[in-house]
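A short write-up of the structure that comes next.
Derivation of every value follows stated rules applied to the coordinates shown; laboratory data play no part. Note that the structure is predicted; figures quoted are calculated from it, not measured. Here Cβ is always computed from backbone atoms with ideal geometry, including for glycine, and neighbour counts include all displayed protein chains.
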Amino acid sequence: MEHYNMNLTLKVWRQKNAQDKGGFETYQVKDISSEMSFLEMFDVLNEQLINEGKEPITFDHDCREGICGACSMHINGQAHGPWAQTTTCQLHMRAYKDGDTIVVEPWRAKAFPVIKDLMVDRRAFDRIIQAGGYISVDTGNAQDANNLPINKDKADESFAAAACIGCGACVASCKNSSAMLFLSAKVAHLALLPQGEPERMSRVTNMVDQMDKEGFGSCTNTEACEAECPKGISVQNIRRLNSEYIRSVFSGDDK
Amino acid sequence: MGITGVSLIAFLCVHCYVNSLVFINVESFNDAAHFLGTNLLMHIAEVGLFAGIILHIVQGLMLTFQNQKMRPVGYEINPGNKSSKWYSRSMGLLGTLILLFLVLHLWHFWGPNRYNQITTGEEISLYDKMQATFSELWVVIVYILGCIALAYHLLHGFWSAFQTLGLSTSKYRPIIRGIGYAFSIIVPFIFIMMPIAFYMHWV
């Protein structure tokens, strides 16, 4: 792919803290390489701001390999930008042309309050996991491989759900700010495996209760979450979550 | 929403079947209308239907308003149609349009018929009533618009109901979607043909 440099106009959300009202600031960046990642472009901008004696832009990032789920920018109206199944850190500047204007906003949801600039508080997801997104077992030594027989199709489906990195793009993209895709991935990957079976009923009710407490909206099946998910988590997991939930309601088990 | 939605879809099947009799045999349409209008079981079903509609509306409004509160600060640039269909995001609006149409529709047919039954004990001829109502162009246009709103509402709602109830499994999802699309086009189309046919004097 041909390499080129570009000059860009960036409109970035700046907000001092959770209490600040915040607003957009416009910046110019010059000679950005098409081979840079989107976050590297932000590093260049921050260097520029530091040299000018201004406050650099705060944004979440960690692995920069597309696997940790830390980066969280809403770029020109899309979570993680224009490329399908790509995190912001894996979005590269060849997606843009010289002279483009790019609007960068934080995730917007009641349950994800802005901490500073583009960084939002996603601890609501941690609390949902703490409500049941685990299995209670004595760990000990690792078992022999294939000790527990698991259907290949179930294992594959579970693995696909477990690919969720918890970045929150589903919430950011949903018109209702619903966390159903995230929650459903966490419920589905355990519900499909024998290890998840003992706590199957209590897990789903506890996690759904926690989700409602956190102030996420409800799912109206618009499927925007699946379209914007950097890991391609399927809305079929939401189908499974619904059926798990209905099953647990009618199971009559104590929580 | 799912359970009431599926119940209302079931009602649409009956409504559409009875109406389409107009095109086949006016006699059997009148018989069916008489049965639905006088049978005791049908009166009980009618109460259930109204309960279903009201529940669907109340749930829908609550859902829409609650969800709107979940994003106090909106985006400068919204994803729009890049990630979802406009009608899947506009179920509240489409539902409201259908409700407005429904008020007019009940005022045209169901209301006068029941009023006559209560006051005189006699049913009115729904066929004659249709002929009179659909002789006005604005009524025909409003009915067409109402049915188009219904079509888009169903286009999302049919599949969505099965998804909410956890029934749209990977195996059945394409079938449910296919039937949903077909239903959303065929049923409103038959309804639309009703006012047009009367207006154009085809029946």
- prompt: Averaged across the residues of A:101-108, what count of C-beta atoms belonging to other chains lies within 10 Å of each residue's C-beta?
  reply: 3
- prompt: Tilt of helix B:111-120 relative to the longest C-alpha principal axis of chain B, in degrees (0 to 90, nearest 10)?
  reply: 40
Between helix A:200-213 and chain A: long-axis angle, C-alpha atoms, 0 to 90°, nearest 10: 40
- prompt: If r is the Cβ-Cβ distance from residue B:132 to residue B:81 and R0 is 56 Å, what FRET efficiency results, to the nearest 0.05?
  reply: 0.85
message: Just to confirm the number: angle between the C-alpha axis of helix A:180-191 and the first principal axis of chain A, 0 to 90 degrees, nearest 10?
response: 40
field: Low-density loop positions, trypsin sites (Lys or Arg not before Pro), region A:1-66 - DSSP coil, at most 10 other Cβ in 10 Å
entry: A:21
message: Let me confirm one metric for peptide A:145-152, namely the mean number of other chain beta-carbon atoms within 10 Å of its residues' beta-carbons.
response: 0
- request: Along Cα→Cβ, 7 Å out, is where each label goes; now give me the distance between the ones at residue B:142 and residue A:142 in nm to one decimal.
  value: 7.1
statement: Output field shielding_mean for A:236-247 (other chain Cβ, 10 Å radius) holds 4
task: Determine, from the Cβ-Cβ distance of residue A:65 and residue A:3 and an R0 of 22 Å, the FRET efficiency 1/(1 + (r/R0)^6), rounded to the nearest 0.05.
output: 0.50
message: Taking loop as defined by DSSP and a crowding limit of 14 other beta carbons within 10 Å, which GluC sites (Glu not before Pro) in region A:47-141 fit?
response: A:52, A:65
message: As a quick test, which of the pairs A:11/A:97; A:54/A:110; A:11/A:54; A:116/A:231 have an alpha carbon distance above 19 angstrom in this structure?
response: A:54/A:110; A:116/A:231
query: Looking at region A:179-255, which GluC sites (Glu not before Pro) are DSSP coil and have at most 10 other C-beta atoms within 10 Å of their C-beta?
result: none
message: For the ranges A:117-130, B:115-128, what's the packing order if you count other beta-carbon atoms within 10 Å of each residue, average per peptide, and put the highest first?
response: A:117-130, B:115-128
query: How would you order A:142-148, B:45-51 from highest to lowest mean count of nearby Cβ atoms within 10 Å?
result: B:45-51, A:142-148
In Hz, Karplus ³J(HN,Hα) per residue of region B:90-107 (6.51, -1.76, 1.60; θ = phi - 60°; x = Gly, Pro): 10, 5, x, 5, 4, x, 5, 4, 5, 4, 4, 4, 4, 4, 5, 5, 5, 5
message: I need the calculated FRET efficiency for the pair residue B:28 and residue B:197, taking r as the beta carbon distance and R₀ as 22 Å, to the nearest 0.05.
response: 0.85
field: Residue of A:217, A:168, A:23 that the Gaussian network model of chain A assigns the largest fluctuation, springs spanning Cα pairs under 10 Å
entry: A:23
message: For region A:123-251, what does the relative contact order come out to in percent, with C-alpha contacts under 8 Å and a separation of six or more?
response: 34
- request: Please check which bits of region A:189-209 a label hung off residue A:249 would reach, taking the label as a point 7 Å along Cα-to-C-beta and the cut-off as backbone N under 17 Å.
  value: A:201-209
statement: Each label sits 7 Å from Cα toward the beta-carbon; between residue B:12 and residue A:49 the label points are separated, in nm, by 5.0
message: For A:181, A:193, which order do you get if you count the other beta carbons within 10 Å of each Cβ and list the fewest first?
response: A:193, A:181
